[in-house]
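Visitor: Can you keep this structure in mind? I'll have questions shortly.
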Amino acid sequence: MKIHERTILNGRVVIVTGAGRGIGRAEALECGRQGAAVVVSDLDEAVATEVVDQIRSEGGRAVASVGDVSDTMVADALVTRAVAEFGQLDALVNNAGFVSDRTVAKMSDDEWDSVLRVHLRGHFTCTRAACRYWKESERTGRLVHTTSASGILGNFGQSNYGTAKAGIAAFSTIVAMEMARYQVTSNAIAPSAITRLTEDLLPDEEMREHERAAEEHGFDFFAPENIAPLVAYLCSADSGHISGKVFGVQGDSIELYQPFTSVAEITAGNRRWRPSELDGRIDDLFSDACVQAGPENMMARMRYGILST
Ligand SMILES: NC(=O)c1ccc[n+]([C@@H]2O[C@H](COP(=O)([O-])OP(=O)(O)OC[C@H]3O[C@@H](n4cnc5c(N)ncnc54)[C@H](O)[C@@H]3O)[C@@H](O)[C@H]2O)c1
């Protein structure tokens, strides 16, 4: 198959981490189809090589780079490889990661550390390597990070993962501020798709219902391929005016998240608050903002696992 005619990444070079499977794989393939040379990074050599072969078979350019992205040497080598193979780097898509779910009371140190390491440190190491390259080479750049609704809205059993993903949204915003003067943009996506990471979370009945709907509509809402168009766009020269933003993306839908924002204020009046007077006064914040102090509605109560109360 020839590369599509109306492509938006011609001549650009993109790194996608965790590109051997799921969302990252779809992102790497789409970047290839849009004309980019792609560095396909994954822990697993076999799946990374398969993605490289597919991009090449479609007429694109790609190389595999194998290793754990939270290792500084692996992250630095990714950027070095992109420049050595393709002459430059234009965009980095931080996507690699996994989950290790457990309620906080039962969670082990390793379950906490390993999830924070791959997501938070993995985003940091690769972003730092790319930003150093863009600063030194005086080239513009694009960063796309992968957060999650789990970090933005919370998800039962994912205190480690949600904490990492909320950190990634904050990290993206701060990198956007720091790198603006170098014309490097930094945005985050919160995707939703059925992949190895999520397939076990769906009850069999819901999975069957999903497959039935996909067949009926001729559109698989939870296909990982649905995430890739937005990511390709955020890697392109066209998106230079967008930075520090968080997008939700799934199916045919793209959402814009608002960052944490102050919605109400109480003041003590030119003196320090006394702890005891906050009882009662603190509720003015909730009433002024029309927000309840606990879970607000049925969906929120469901997330808290207290629907019956
Ligand atoms: N699937 C969803 O609905 C969903 C929702 C929100 C966020 N995400 C995020 O999207 C990203 C991709 O998830 P997915 O659903 O495609 O998962 P996946 O398991 O299908 O693919 C993840 C890939 O990352 C690779 N990987 C894992 N650790 C790595 C490391 N240390 N270094 C290099 N590669 C590594 C794996 O080998 C795998 O090929 C993750 O960051 C995930 O947290 C996914």
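The values are calculated or read from the model by the stated rules, or taken from the named source; none is laboratory data. These numbers come from a predicted model, not from an experiment. Heads up, the Cβs are rebuilt from the backbone with ideal geometry, glycines too, and the neighbour counts pull from every protein chain shown. In case anyone asks, the SASA skips ligands and DNA or RNA and just uses the protein heavy atoms, side chains included. Shrake-Rupley method; radii C 1.70, N 1.55, O 1.52, S 1.80 Å.
Visitor: Inspect the range 100-120 for any residue being within 16 Å of the ligand (Cβ to nearest atom), without any contact (Cβ under 8 Å) to a residue 40 or more places away in the chain and charged (D, E, K, R) and give the result as yes or no.
Guide: Yes.
Visitor: Do we find that Ser159 is open to solvent by 20 Å² or more (accessible area, probe 1.4 Å), touching a strand residue (DSSP E or B) at 6+ places or on another chain (Cβ under 9 Å) and closer than 25 Å to Gly22 by Cα in this structure? I'd like the intermediate steps shown before the answer.
Guide: On the way: open to solvent by 20 Å² or more (accessible area, probe 1.4 Å): yes; touching a strand residue (DSSP E or B) at 6+ places or on another chain (Cβ under 9 Å): yes; closer than 25 Å to Gly22 by Cα: yes.
Considered against the rule, which asks whether it is open to solvent by 20 Å² or more (accessible area, probe 1.4 Å), touching a strand residue (DSSP E or B) at 6+ places or on another chain (Cβ under 9 Å) and closer than 25 Å to Gly22 by Cα, Ser159 comes out as yes.
Visitor: Moving on to the next point. With touching a Gly at 6+ places or on another chain (Cβ under 7 Å), within 12 Å of the ligand (Cβ to nearest atom) and of a type in the set (Val, Ile, Thr) as the only criterion, which of Val16, Val93 stands out?
Guide: On the way: Val93 fails: touching a Gly at 6+ places or on another chain (Cβ under 7 Å).
It is Val16.
This table checks each residue for (1) open to solvent by less than 60 Å² (accessible area, probe 1.4 Å); (2) in contact with a helix residue (DSSP H, G or I) (Cβ under 7 Å, 6 or more places away or on another chain); (3) assigned by TED's automatic domain parsing to the domain that holds Gln250; (4) within 11 Å of the ligand (Cβ to nearest atom).
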position: Trp134; (1), (2), (3), (4): yes, yes, yes, no
position: Ala149; (1), (2), (3), (4): yes, no, yes, yes
position: Met177; (1), (2), (3), (4): no, no, yes, no
position: Arg181; (1), (2), (3), (4): no, no, yes, no
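Visitor: Additional query: Starting from the range 51-77, take each residue that is more than 8 Å from the ligand (Cβ to nearest atom) and list its partners that are polar (S, T, N, Q), counting only C-beta distances under 6 angstrom and pairs at least six apart or across chains.
Guide: From residues that are more than 8 Å from the ligand (Cβ to nearest atom), the pairs are Ala64/Thr49; Ser65/Ser41; Thr72/Thr125; Ala75/Thr125.
Visitor: Do we find a residue being within 16 Å of the ligand (Cβ to nearest atom), open to solvent by 60 Å² or more (accessible area, probe 1.4 Å) and either farther than 22 Å from Tyr233 by Cα or in the same structural domain as Leu234 (by TED's automatic domain parsing) (or both) anywhere in the range 162-175?
Guide: yes
Visitor: Just need a number here: residues in the range 54-67 that are more than 12 Å from Ala37 (Cβ to Cβ) and open to solvent by 60 Å² or more (accessible area, probe 1.4 Å).
Guide: Total satisfying the criteria: 2.
Visitor: I would also like to ask the following. Give me the pairs: first residue in the range 247-268 and of a type in the set (Asp, Glu), second residue part of a strand (DSSP E or B), beta-carbon distance under 7 Å, and six or more apart or on different chains, which are they?
Guide: Cβ pairs passing all conditions: Glu255/Phe247; Glu255/Gly248.
Visitor: For Phe221, only one of the following conditions fails: (1) within 16 Å of the ligand (Cβ to nearest atom); (2) free of Cβ contacts under 8 Å to residues at least 12 places away in the same chain. What is its number?
Guide: (2)
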